[in-house]
Amino acid sequence: MGLIKAGIGALGGTLADQWKEFFYCEAIDKDVLVTKGQKRITGRSSNTKGNDNIISNGSGIAVADGQCMMIVEQGKIVEVCAEPGEFTYDSSSEPSIFAGKLGTSILETFKTIGKRFTYGGDTGKDQRVYYFNTKEIIDNKYGTANPIPFRVIVDERLGYKLSVDLRCNGVYSYRIVDPLLFYTNVCGNVSSEYRRSEIDGMLKGELLSALQPALAKIAAQKISYSEIPAHTKEISAALNEELSVDWRQKRGLEVVSFAVNSVTIPDDQRKKITEWEENAMSTDVTTAAARMVGAQSEAMKAAASNPNGAMMGFMGMGMAQQAGGMNAQNLFAMGQQQQQAAPAPAADGWKCSCGVMNTGKFCLECGKPKPAPADSWKCSCGTVNTGKFCLECGKPKPAAADGWTCKCGAVNKGKFCAECGSPKPAGAPLYKCDKCGWEPKDPAHPPKFCPECGDIFDDKDIK
């Protein structure tokens, strides 16, 4: 009796699973990370007796935007598709006479009947379709239950640093970037769906643990605690770097965005920072004098309103000034002396392209040579000059290859002199020194004296 029932069950189940299935997934809720695919069965469908966890060969699976489909057979991932559209599963181990060659499909169907008979008429197989929500999972709130140490630079010039107890809150978002890792290490074979509430507590705890080293990197960039909300992109990058092992490599998750609603520190620490900033300002003598003048003005206002009489108030203010041992006039004088004693910038100083001021021929920071002036020229002896004659050998500044020398001494290239406006002379005689044979580069307009021997150029030097 049992064999007959097993045979009937194997035959009936195999024939019921011959129909192709169509799997789909409605819009995944924002709180659902993974859900199991559903077979579409309508009132007109004849495929009402097929097994739930069987996918016949040639079945269609719809994949929408923001979803990743995964087929799991016997607990093993066999197919993954994240491209929107229809996916056809044509490599299933469950045959269908409606897919492939008819003869081959019939033969495989009889083999399946025999296999199911050995399992007492059951399928002996488990095939599932899962859909992963690859959209951004938003609105994850966080808050620091315990304060996070944060280093504040009060005055960089003096090296004043102070550690404060920082508290912050806001929201962050994440998304699944590797569904295979998420399925393998997090959700596994779920019967219906896997919701974000099952993992949010763990993610939030790990994120707050990674927030401390991430903020330490922000503090290393000399960013104040009050400027943290303006650097959320840097914090997101730092969080992903800190969480790369626990989130990206183990679970296939990454932080998409990180927003900070408010950043607070205790009132006593905020007051101490203010005091340190004021003390740092007082290290400058002129600033200290200005602050003293302001304090004296306030004291004079208070003295004028003294209930015992303005004269008593001013007498008390004078006694306080004498006890202090220093007045604003002395501080201003000291500041003026410091400014006068400060070394004046070198007259021949120059600024390198790297931004460093130098006085020598080479940059002290990058080693680049001092740039030559725009109107400089290099003599044949190697000396760089700016005047009309070489400072080393006395040779005149060479004229341009296609230029001409005006009677005023200016070298020009156009038809008129750029200095005096005289036109370029035409048909001028060509000169050559009659003593040493030196020829100017512009023979039509030689200098007054030969630069080689010092002879005067006159009519005897005309070629």
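All of the numbers you see were taken from the coordinates with simple rules; none came from a lab. For clarity, every value in this text was computed on a predicted model and none was experimentally measured. Backbone-built Cβ (ideal geometry, glycine too); neighbour counts: all protein chains shown.
Among the residues making up the range 194-204, a single one is surrounded by fewer than 15 Cβ atoms within 10 Å (Cβ to Cβ) and acidic (Asp, Glu): Glu198. Checking Val177, Val190 one by one, the residue that is more than 20 Å from Leu243 (Cβ to Cβ) and in contact with a strand residue (DSSP E or B) (Cβ under 7 Å, 6 or more places away or on another chain) is Val190 and no other. For the range 205-256, residues that are assigned to a strand (DSSP E or B) and surrounded by fewer than 15 Cβ atoms within 10 Å (Cβ to Cβ) total 0.
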